[in-house]
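Reading through the structure tokens given below for one structure.
What follows draws every value from the coordinates through simple rules; no lab data is involved. Just so it is clear, the model here is predicted, and its values are computed rather than measured. All Cβ positions, glycine included, derive from the backbone under ideal geometry; neighbour counts span all protein chains shown.
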Amino acid sequence: MRLTQLRHKLAEEELDAIVITQPHNRRYLSGFTGSDGALIVSAEATYLATDFRYYEQAQRQAPSFTLIKVKDKFPPRLAELMAEIGARRVGFESTHVTVDQRQRWAEAAEGFELVPTKRMVEDLRAIKDEGELALIRRAVELADASFAHITQWLKPGVTEKAVAWEIETFIRTHGGDDVAFDLIVGSGPNGAMAHAEPGDRRIQEGEPIVLDLGARVDGYCSDLTRTICVGEPDQRFRQIHALVLDAQEAGERAMRAGLKGSTADAIVRDLIGAAGHGERFGHGLGHGVGLAVHERPRLAKTSEDVLQAGMVVTVEPGIYIEGWGGVRIEDMVVVREREGEVLTTASKGLRG
């Protein structure tokens, strides 16, 4: 099905073949998870070119692809293969292939033209099938469980680094392949940095703690953010948390097929702006999640994406105040025809 959809796109773009080197796209189409290799897809053939390190892995993971054993350099072998299949217009992933790679491929190209393409596979990946949704659900469940664990483990005096390591340890020892991204733990004023890196700062009682975490399960990611405190939250924290939560839940209620990414963003941004914190919500509302933790579609001011049923997105507004801290709340949602299906179940309470 995935290859059939890609071949339709090749025909629309009048391409005889395409070379896929982006790792997530390569895995999506073939199942191959090795860190080096290229897929070549034409109207009738599928090839996986890689070197000695991955021969056996490629045969196991991508049995429907013809293995091309690269024993020296890839560009000459690519040229030979294009001549064998009679390809004249050959696409490549312009957002992934480096200038140097493209130059070396072009120097080896005889009898065919290299044509830049953009998002041909990423657009297919944006809509998840039931198998993908099942894996995403498992990743979400593990993130929810890791959050429940860390709220019981947290106490004043532990460092942000210790919190991050405890979450990662839980994920890796409870069925996760890995964390989905570099975990964010921003306590107190560090929470004002939307992508704060965990440091040696010790967590204090009553201050906001932004926890942004995710698990990877069989290649698929989850993404969860909660803002909590250890001890009794003060009035300022309560007020800002309540505002972000109201805005976040309004965004979730709006999730449905046909909604523009920019419209979704505006619904939430207008609520935060009306409360006087518009300038303190400086990032987009959300993004797609799948094999990559950030993929299509985008929910942002400038997004031209239109939501379709089967897409999985985050809804994650935040307010960030320099010198004080931040509050962000994030769930994952499956877009449906009439209303979104919220996957995340972690508590949105104030206290850890």
Taking the alpha-carbon distance from residue 69 and a cut-off under 19 Å, which aspartates and glutamates remain once sequence neighbours fewer than 8 residues away in the same chain are dropped? 36, 51, 56, 80, 84
Filter the GluC sites (Glu not before Pro) in segment 87-153 down to the DSSP loop ones having no more than 13 other Cβ atoms within 10 Å, then list what survives. 110
Segment residue 98-residue 110, extension gain: residue separation times 0.36 nm, minus the distance between their alpha carbons: 2.3 nm
Give me the one-decimal nm value for the distance between modelled label points at residue 89 and residue 73, 7 Å along each residue's Cα-to-Cβ direction. 2.9 nm
A student applying the Cα gyration tensor rule (rounded when a/c is under 1.5; otherwise prolate if a/b is larger than b/c, oblate if not) would label segment 2-125 rounded
P(r), alpha carbons of segment 204-323 - 5 Å bins starting at zero, rounded %: 2, 11, 20, 21, 19, 14, 8, 4, 1
Residues of segment 107-134 with amide N under 16 Å of the 7 Å Cα→Cβ point at residue 309: 127-131, 133
Straight distance only, please: which lysines reach the Cα of residue 161 with their own Cα at less than 25 Å, same-chain residues fewer than 8 apart left out? 348
How far is it, in nm, from the label point at residue 3 to the one at residue 123 when both lie 7 Å from their Cα along the line to the Cβ? 2.1 nm
For a quick check: with amide H placed at 1.01 Å from N, whose amide H comes under 5 Å from residue 325's, ignoring anything fewer than 5 positions away on the same chain? 192
At 7 Å along the Cα-to-beta-carbon direction for both residue 205 and residue 13, put a label point, then send me their distance in nm to one decimal. 6.0 nm
Difference of contour (0.36 nm per residue) and Cα-Cα distance, residue 181 to residue 256: 24.3 nm
Taking amide H positions as placed 1.01 Å from N in the peptide plane, with prolines and chain starts having none, which residues 5 or more places from residue 178, or on another chain, fall under 5 Å of its amide H? 216
Name the helices (complete DSSP H segments) of the chain with a Cα length along the long axis of 27 Å or more and a Kyte-Doolittle mean of at least 0.0, or state none. 130-153
When a footprinting reagent is the concern and you count Cβ atoms within 10 Å, what order do 2, 269 take, fewest first? 2, 269
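Show that you can apply the helix-only estimate: for the chain, add -39,500 (n - 2.57) for every DSSP H stretch of four or more residues, divide by all residues, and state [θ] at 222 nm to the nearest 500.
It comes out at -11500 deg cm²/dmol, rounded to the nearest 500.
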